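Student: What follows is a single structure, and I will ask about it in a moment.
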Amino acid sequence: MGASENGVMDNKAFYNLTYGVFLLSTAFEGKKNACIINTCIQVANSPTRLLISCINANYTTELLKKSGAFTLSVLDNTCTFDFIKNFGLQSGRNADKFDSIEFKLNSNKIPYIETYASSLFSCHIVEKMDLGSHTAFVAEVDEAKVLSHNTALTYSDYQNKLKPKPANANPAGKIKGWRCKICGYVFDGEKLPADFLCPLCGHPASDFEPIYA
Ligand code: FE
């Protein structure tokens with residue numbers, strides 16, 4: 001997720017941590033939204049509790065802090081890049097991400113998705129901790145279901161296999177924008193400010209690659 005200024009800090013060291021890929025959905029006062037997260041672990045079993053971490057700038061996180069409840073689908077290896085793009089690479093502030101997606105509502109009126117998911121959890125939040133770029137939520141699981149026997153998608157398989165490779169670089173061409181190598185967010189413009197942080201995943205300018213005209 002990030003780096004500090006003291007001591008050796010090789011960002012690549014963080015790439016060896018293992019993560020899954022999850023669709024996190026919530027709803028508050030008639031507004032529903034969902035985003036893709038890569039951090040969810042079971043941290044207790046009596047009662048059964050999960051820990052998730054979400055970017056504070058995300059609209060889903062804003063709604064989640066108010067609703068206190070969510071559903072989480074564990075995405076599987078049949079999931080497409082287009083599905084992840086719909087939920088992960090645009091903001092629910094400007095688009096209804098559920099517009100062209102089939103979904104159902106649980107008893108808390110929170111949407112959930114069964115497509116491309118191997119497990120589904122319905123949860124309510126019991127603790128939260130502000131971590132700066134992210135908020136960590138500890139949640140009690142109200143319902144857990146197996147949806148398919150497909151293998152869960154890992155974050156590393158998403159990065160290395162599912163996510164399309166950028167088009168061939170053309171160093172002779174003029175730079176028209178910069179793409180976040182972590183989440184795919186595109187910054188329009190020739191010069192990316194050195195202190196720029198990705199608005200979607202919070203990664204720094206050093207994790208961006210040029211897009212040539
Ligand atoms: Fe990003």
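The values are calculated or read from the model by the stated rules, or taken from the named source; none is laboratory data. Owing to the predicted nature of the structure, the values given are computational and were not obtained by experimental measurement. Every residue, glycine among them, receives a Cβ derived from its backbone with ideal geometry; neighbour counts consider all protein chains shown.
Student: Within the stretch 152-167, is even one residue more than 20 Å from the chain's Cα centre (by Cα) and either away from the ligand (no atom under 16 Å from the Cβ) or of a type in the set (Ser, Thr, Tyr) (or both)?
Tutor: The answer is yes, given that some residue of the stretch 152-167 is more than 20 Å from the chain's Cα centre (by Cα) and either away from the ligand (no atom under 16 Å from the Cβ) or of a type in the set (Ser, Thr, Tyr) (or both).
Student: Can you name the condition, by its number, that residue 210 falls short on among (1) touching a residue at least 40 places away in the same chain (Cβ under 8 Å); (2) in contact with a Cys (Cβ under 7 Å, 6 or more places away or on another chain)?
Tutor: Condition not satisfied by residue 210: (2).
Student: Counting only residues that are surrounded by fewer than 17 Cβ atoms within 10 Å (Cβ to Cβ) and more than 10 Å from the ligand (Cβ to nearest atom), which one in the stretch 197-213 is modelled with the lowest pLDDT?
Tutor: It comes out as 213.
Student: For the stretch 5-16, name all the residues that are of a type outside the set (Lys, Arg) and under 21 Å from residue 208 (Cβ atoms).
Tutor: Once the filter is applied, which keeps residues that are of a type outside the set (Lys, Arg) and under 21 Å from residue 208 (Cβ atoms), the stretch 5-16 yields 5, 9, 10, 11, 13, 14, 15.
Student: Could you please tell me which pairs satisfy a Cβ distance under 7 Å, a separation of 6+ or placement on different chains, a first residue in the stretch 39-55 that is more than 14 Å from residue 144 (Cβ to Cβ) and of a type in the set (A, V, I, L, M), and a second residue that is surrounded by fewer than 16 Cβ atoms within 10 Å (Cβ to Cβ) and at pLDDT 95 or above?
Tutor: Pairs that qualify, where the first residue is more than 14 Å from residue 144 (Cβ to Cβ) and of a type in the set (A, V, I, L, M) and the partner is surrounded by fewer than 16 Cβ atoms within 10 Å (Cβ to Cβ) and at pLDDT 95 or above, are 51/41; 51/43; 51/136.
Student: Which condition from (1) closer than 19 Å to residue 23 by Cβ; (2) hydrophobic (A, V, I, L, M, F, W, C); (3) over 16 Å from the mean Cα position of the chain (by Cα) is the one that residue 208 breaks?
Tutor: Failed condition: (1).
Student: Could you identify the single residue in 147, 192 that is surrounded by 13 or more Cβ atoms within 10 Å (Cβ to Cβ) and away from the ligand (no atom under 15 Å from the Cβ)?
Tutor: Sole residue among the options that is surrounded by 13 or more Cβ atoms within 10 Å (Cβ to Cβ) and away from the ligand (no atom under 15 Å from the Cβ): 147.
Student: Moving on. Filtering the stretch 69-97 down to residues that are more than 23 Å from residue 124 (Cα to Cα) and among the small types (Gly, Ala, Ser), which residue is modelled with the lowest pLDDT?
Tutor: Among residues in the stretch 69-97 that are more than 23 Å from residue 124 (Cα to Cα) and among the small types (Gly, Ala, Ser), the one modelled with the lowest pLDDT is 91.
Student: Filter the stretch 168-189 down to the residues that are in contact with a Gly (Cβ under 9 Å, 6 or more places away or on another chain) and touching a residue at least 60 places away in the same chain (Cβ under 8 Å), then identify the one that is farthest from the ligand (Cβ to nearest atom).
Tutor: 184
Student: Does residue 135 meet the test of being within 14 Å of residue 24 (Cβ to Cβ) and polar (S, T, N, Q)?
Tutor: yes
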